[in-house]
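Take a look at the structure below.
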Amino acid sequence: MKKSMIRLCFTAGLAIGLVFSLNVQALTVGFAQVGSESGWRTSFSESVKAEAEKRGITLKFSDAQQKQENQIKAVRSFIAQRVDAILIAPVVETGWQPVLMEAKRARIPVIILDRNVAVTDPSLYLTRIAPDFEVEGQRAATWLTEKTGGKCKILELQGTVGSSAALGRMKGFNATIAKFPETKIIRSQTAEFTRAKGKEVMETMLKAEGGGKNICAIWAHNDEMALGAIQAVKEAGLQPGKDILIVSVDAVDDALKAIVSGEINVSVELSPHLGGPAFDVINEYRAGKKDFEKWIHMGGAVFTIENAAAELTKRGAK
Ligand code: GZL
């Protein structure tokens, strides 16, 4: 082959490589986030933004203030702006089919992050990157039944009504305590995953239970509500973590600190670092991959007094 031909092929190859690398990097991604109701959610948002920055991705971020109609509006806006991909962290499971069909018609790939969507057509999104909420509930209940010998009266603070996080954690926790007839949830109410509502609802529950001396444990679907409940327990003259056990999920820094101080007994971790896996999927999709696992699991540890301090040091959050 003549030298000129070789040079031409080499130059062409370089040009294609350059276009590909620019194409992969020059991405614009829309992210419809739930809101900023919890420390975990804030860490999740910050992690996605930092990952986009690191990868040179233009991220269009929308905070829906926990309202699904705002999320749907944001997704429609991303479609109108012809973004390269859309990330959705759905506040509740239902109501997503129409807007996901609009994204599909616009040939814009969608990735579901964290909570789930209830749709009849799984082709409406590439994949979902999320923890297993039922396992989180099971792990919380297992710790509690082992700690109490299967005899415990529980007050439950539920997360956002209709969210797969609340539904899954409830299902997993209840299935585990069902094996222990003397372990019962005697009151259960949503506190919407927030600290303020967690305190408010727990104040009411403790009053209704004559001050709470008969209560063995509080099961909170996230740390924010647990941290609010702790304030109510203290105001009732009881010691959280001792008079009333506190079991929670998320393992945010504030909860680990509360574990170290003995005010929370256990928190089941879920990683907030969902951005990296999501951007990897988008790159793989743009490189031609079409068949993705419909659920990429994100795990976490179980933190108690035995390992919380070491985790805070590891996170540099002492
Ligand atoms: C669970 C996530 C929940 C967190 C809460 O993955 O959806 O929402 O547990 C947050 O802190 O509000």
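The values are calculated or read from the model by the stated rules, or taken from the named source; none is laboratory data. Note that the structure is predicted; figures quoted are calculated from it, not measured. A quick note on method: Cβ atoms are made from the backbone with ideal geometry, for glycine too, and the neighbour counts reach across all protein chains shown.
Flag not set for Ile185, criterion: under 24 Å from Val260 (Cβ atoms) and among the aliphatic types (A, V, I, L, M). Going residue by residue through the range 181-190, is there one that turns out to be within 13 Å of the ligand (Cβ to nearest atom) and either among the aliphatic types (A, V, I, L, M) or modelled with pLDDT of 95 or more (or both)? Taking every residue of the range 181-190 in turn, at least one turns out to be within 13 Å of the ligand (Cβ to nearest atom) and either among the aliphatic types (A, V, I, L, M) or modelled with pLDDT of 95 or more (or both). Could you check, for the range 219-226, whether at least one of its residues is under 16 Å from Ile246 (Cβ atoms) and more than 16 Å from the ligand (Cβ to nearest atom)? No, because not a single residue in the range 219-226 is under 16 Å from Ile246 (Cβ atoms) and more than 16 Å from the ligand (Cβ to nearest atom). Can you name the residue in the range 98-117 that is out of contact with any helix residue (DSSP H, G or I) (no Cβ under 7 Å at 6 or more places or on another chain) and away from the ligand (no atom under 15 Å from the Cβ) and is also nearest to Arg169 (Cα to Cα) among such residues? In this case the residue turns out to be Pro98. Give the residues of the range 277-292 that are surrounded by 11 or more Cβ atoms within 10 Å (Cβ to Cβ) and closer than 24 Å to Lys49 by Cα, sorted by residue number. Within the range 277-292, Pro277, Ala278, Phe279, Asp280, Val281, Ile282, Asn283, Glu284, Tyr285, Arg286, Phe292 qualify.
Candidates are the residues of the range 250-297 that are among the polar types (S, T, N, Q) and under 20 Å from the mean Cα position of the chain (by Cα); the one that is nearest to Asp84 (Cα to Cα) is Ser271. Is it fair to say Gln71 is surrounded by fewer than 16 Cβ atoms within 10 Å (Cβ to Cβ), under 17 Å from the mean Cα position of the chain (by Cα), within 17 Å of Gly35 (Cα to Cα) and free of Cβ contacts under 8 Å to residues at least 60 places away in the same chain? No, not satisfied. Scan the range 196-215 for residues that are in contact (Cβ under 8 Å) with a residue 60 or more places away in the chain and buried (at least 23 other Cβ atoms within 10 Å of the Cβ) and the total you get is 1. Answer yes if at least one residue in the range 38-48 is more than 16 Å from the ligand (Cβ to nearest atom), touching a helix residue (DSSP H, G or I) at 6+ places or on another chain (Cβ under 7 Å), at pLDDT 95 or above and of a type outside the set (Phe, Trp, Tyr), and no otherwise. No. Every condition in (1) among the acidic types (Asp, Glu); (2) within 16 Å of the ligand (Cβ to nearest atom); (3) over 26 Å from Asn116 (Cα atoms) holds for Glu209 except the one numbered (2).
For the range 65-77, taking the residues that are out of contact with any Pro (no Cβ under 9 Å at 6 or more places or on another chain) and either within 22 Å of Thr28 (Cβ to Cβ) or not in a loop (DSSP other than H, G, I, E, B) (or both), the one that is nearest to the ligand (Cβ to nearest atom) is identified as Asn70.
Each row is one residue, and each column tells you yes or no for (1) in the same structural domain as Gln66 (by TED's automatic domain parsing); (2) away from the ligand (no atom under 16 Å from the Cβ); (3) surrounded by fewer than 20 Cβ atoms within 10 Å (Cβ to Cβ).
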{"site": "Leu126", "(1), (2), (3)": "yes, yes, no"}
{"site": "Thr148", "(1), (2), (3)": "no, yes, yes"}
{"site": "Leu167", "(1), (2), (3)": "no, no, no"}
{"site": "Met170", "(1), (2), (3)": "no, no, no"}
{"site": "Lys179", "(1), (2), (3)": "no, yes, yes"}
